[in-house]
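These notes concern the structure reproduced below.
The values are calculated or read from the model by the stated rules, or taken from the named source; none is laboratory data. Just so we're clear, the structure is a prediction, and the values are computed from it rather than from any experiment. When we count neighbours, we look across all protein chains shown, and the Cβ atoms used for this are built from the backbone with ideal geometry, even at glycine.
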Amino acid sequence: MIAATARRVFWRIAVLVALLPPALALAQSSPAAVPAPKISAEQAKAAALKRVSGRVTAVDIERKQGKYVYVVEIRTGGGDEKDVLVDIDTGQVLAVGD
């Protein structure tokens, strides 16, 4: 009885030890590198402010629908928050959303 329990514990530990390295490798793998933008964040802000007037509260690069874009967050005069998506290569405004 004790030998059977010890064997079960041994195999459970063996399985965990076998699965741990691949799980750690997956967890530590870095996300895909963001390509270098051809326009600056300042240029993205300017393009976004031509489309939506207000105050820029944040600018980040994100992947949207398979394409990297600047997401320029703008607080409008009415207090609404708008997200303006600007192409990181061309500076073209691709979309405006809430």
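Taking the stretch 73-87 as the range and being modelled with pLDDT of 95 or more and either among the hydrophobic types (A, V, I, L, M, F, W, C) or surrounded by fewer than 11 Cβ atoms within 10 Å (Cβ to Cβ) (or both) as the test, the residues that pass are ILE74, VAL84, LEU85, VAL86.
Can you find a residue in the stretch 63-83 that is in contact (Cβ under 8 Å) with a residue 12 or more places away in the chain, part of a loop (DSSP other than H, G, I, E, B), at negative phi and β-branched (Val, Ile, Thr)? The answer is yes; a qualifying residue exists.
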